[in-house]
Amino acid sequence: MLRVRCLRGGSRGAEAAHYIGWRLGRVFTGWVQRSLQSTQAATASQNTCAADDNKATSPVPKDCPVCSYNEWDPLEEVIVGRAENACVPPFSVEVKANTYEKYWGFYQKFGGQSFPKDHVKKAIAEIEEMCNILKREGVIVKRPDPIDWSVKYKTPDFESTGMYAAMPRDILLVVGNEIIEAPMAWRARFFEYRAYRRIIKDYFNSGAKWTTAPKPTMADELYDQDYPIHSVEDRHKLAAQGKFVTTEFEPCFDAADFIRAGRDIFVQRSQVTNYMGIEWMRRHLAPDYRVHIISFKDPNPMHIDATFNIIGPGLVLSNPDRPCHQIELFKKAGWTVIRPPVPLIPDDHPLWMSSKWLSMNVLMLDEKRVMVDANETSIQKMFENLGISTIKVNIRHANSLGGGFHCWTCDIRRRGTLQSYFD
């Protein structure tokens, strides 16, 4: 079993703490600094980091349908999202900060309305075929309920329409036998959890743990209403300064900003995940799991799995356009770092909510099988050279809604035990 050492938090943590302290005062600054130093404390603690290195434990109740510790153990059950009724989110400040300028006119014109119906129809067919292929590979597939996302809703703090239940990875994080519902950060996704409640209640009644993170009010104070982005250069500068559209007014995070490797879970501070959200997760999962902040040269950080995708014990895909600031720590510890090839998706294909790097947003069925885009022949070859068989599926139209295979799924059960891959 490969063993590598614990990682510290992001290299820009001091800058981010300074910024948050400026916004919220010295008391909160001290809290953030303690949060960013938590992984250092974990490294210093022999009991929490290394005492159980040679033990494989499985605290999950027998026959519980929910059990997943990492991204690569043999997949047995999965939730796959739905494109049905997908709506364009209203063009609010948090949506603007997470989308590219060339699509801003699209959001301004169609916010609150359906995505192009013919495109959605094709996406639905692609995901149905993906589900069929997963079933043929021996995986149990569950689906969220279809909901009318065009209905307008209002809280004491804002009003909006919904978006979709296409990306279960964004809202659900499975850690062991626990399903954690993420609080999310977009107002258009406030009620997205409703599509999954039937499934989660079934899992709960079968023995799974079920936790809902604190639901944010999503009041104006959660967002920097004057967040200045007009170009990629602006985005790079702000990200380098540790400035994001979400403030530290209350905890928020999307589950897709976390990636799992047994007892160690890695997360990025992004446009949708703030330090309060990360700290909530760190405290909630301690002491059995260690949460580490890592950072990237990314002008638009939103979700980690098209930037840094762990695909096996000691094996990670690292986006060459968004280098990880802590990557040398992985290399020195013996990890194999793979730079995926440039995506082949055409420039004229609409990607309203994501980048072309969805090509590396793959789903591992086990250490030797991966579900990959049928159009991305370069990354197929990369996996084959690694000795990993590729299961080719075309979800090009589904990509346009903002996700690849990892995004469109949430693995509920993988056959494996809780282990430490870091010390």
For Leu172, which of the numbered conditions (1) without any contact (Cβ under 8 Å) to a residue 12 or more places away in the chain; (2) hydrophobic (A, V, I, L, M, F, W, C); (3) buried (at least 21 other Cβ atoms within 10 Å of the Cβ) fails to hold?
(1)
Counting only residues that are in contact (Cβ under 8 Å) with a residue 24 or more places away in the chain, open to solvent by 10 Å² or more (accessible area, probe 1.4 Å) and not in a strand (DSSP E or B), how many does region 327-344 have?
8
Hits in region 384-423 - residues which are within 22 Å of the chain's Cα centre (by Cα) and in a helix (DSSP H, G or I):
Arg396, His397, Ala398, Asn399
Matching residues, region 381-398, being open to solvent by 40 Å² or more (accessible area, probe 1.4 Å), touching a strand residue (DSSP E or B) at 6+ places or on another chain (Cβ under 8 Å) and among the basic types (Lys, Arg)
Lys392
Of the residues in region 91-106, those that are in contact (Cβ under 8 Å) with a residue 60 or more places away in the chain and either farther than 25 Å from Ala219 by Cα or of a type in the set (Phe, Trp, Tyr) (or both) come to Tyr100, Tyr103, Phe106
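Rundown of residues vs (1) modelled with pLDDT of 95 or more; (2) within 28 Å of Ile294 (Cβ to Cβ); (3) among the small types (Gly, Ala, Ser), yes/no style:
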residue: Ile180; (1), (2), (3): yes, yes, no
residue: Arg194; (1), (2), (3): yes, no, no
residue: Lys201; (1), (2), (3): yes, no, no
residue: Gly207; (1), (2), (3): yes, no, yes
residue: Ala213; (1), (2), (3): yes, yes, yes
residue: Tyr223; (1), (2), (3): yes, yes, no
residue: Pro228; (1), (2), (3): no, yes, no
residue: Pro251; (1), (2), (3): yes, yes, no
Which members of region 295-344 meet the condition of being touching a Lys or Arg at 6+ places or on another chain (Cβ under 7 Å) and of a type in the set (A, V, I, L, M, F, W, C)?
Phe296, Ala333, Val337
Report the residue count in region 249-279 for those that are closer than 27 Å to His236 by Cα and outside any loop (DSSP other than H, G, I, E, B).
14
List every residue pair whose Cβ atoms lie under 7 Å apart, where the two residues are 6 or more positions apart in sequence or sit on different chains, the first residue falls within region 219-232 and is at positive phi and surrounded by 13 or more Cβ atoms within 10 Å (Cβ to Cβ), and the second residue, located anywhere, is polar (S, T, N, Q) and part of a loop (DSSP other than H, G, I, E, B).
none
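Can you pull out the residues in region 277-290 that are surrounded by 24 or more Cβ atoms within 10 Å (Cβ to Cβ) and under 21 Å from Gly242 (Cβ atoms)?
Step one: list which residues in region 277-290 are surrounded by 24 or more Cβ atoms within 10 Å (Cβ to Cβ), which gives 277-278, 281, 290.
Gly277, Ile278, Met281 - these are the residues of region 277-290 that are surrounded by 24 or more Cβ atoms within 10 Å (Cβ to Cβ) and under 21 Å from Gly242 (Cβ atoms).
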Could you tell me which residue of region 116-146 is farthest from Tyr193 (Cα to Cα), considering only residues that are in a strand (DSSP E or B) and open to solvent by 70 Å² or more (accessible area, probe 1.4 Å)?
Ile140
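Being outside any loop (DSSP other than H, G, I, E, B) and either at pLDDT 95 or above or in contact with a helix residue (DSSP H, G or I) (Cβ under 8 Å, 6 or more places away or on another chain) (or both) is the filter here, so list the residues in region 52-92 that pass it. Break it down into steps so the answer makes sense when it comes.
So the first thing to find is which residues in region 52-92 are outside any loop (DSSP other than H, G, I, E, B), and the list is 57, 67-68, 70, 75-80, 82, 87.
Hits for region 52-92 are Cys67, Ser68, Asn70, Leu75, Glu76, Glu77, Val78, Ile79, Val80, Arg82, Cys87.
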Output yes when any residue across region 175-184 is touching an Asp or Glu at 6+ places or on another chain (Cβ under 8 Å), buried (at least 23 other Cβ atoms within 10 Å of the Cβ) and closer than 23 Å to Trp408 by Cβ, and no when none is.
yes
Residues satisfying the stated conditions in region 345-380, i.e. without any contact (Cβ under 8 Å) to a residue 40 or more places away in the chain, more than 28 Å from Lys96 (Cα to Cα) and open to solvent by 20 Å² or more (accessible area, probe 1.4 Å)
Lys368, Ala374, Asn375, Thr377, Ser378
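The values are calculated or read from the model by the stated rules, or taken from the named source; none is laboratory data. In this text the structure is predicted, and so the values were computed from the model without any measurement. When we count neighbours, we look across all protein chains shown, and the Cβ atoms used for this are built from the backbone with ideal geometry, even at glycine. To get the accessible areas, we keep the full protein, side chains included, count just its heavy atoms, and leave off ligands, DNA and RNA. Shrake-Rupley method; radii C 1.70, N 1.55, O 1.52, S 1.80 Å.
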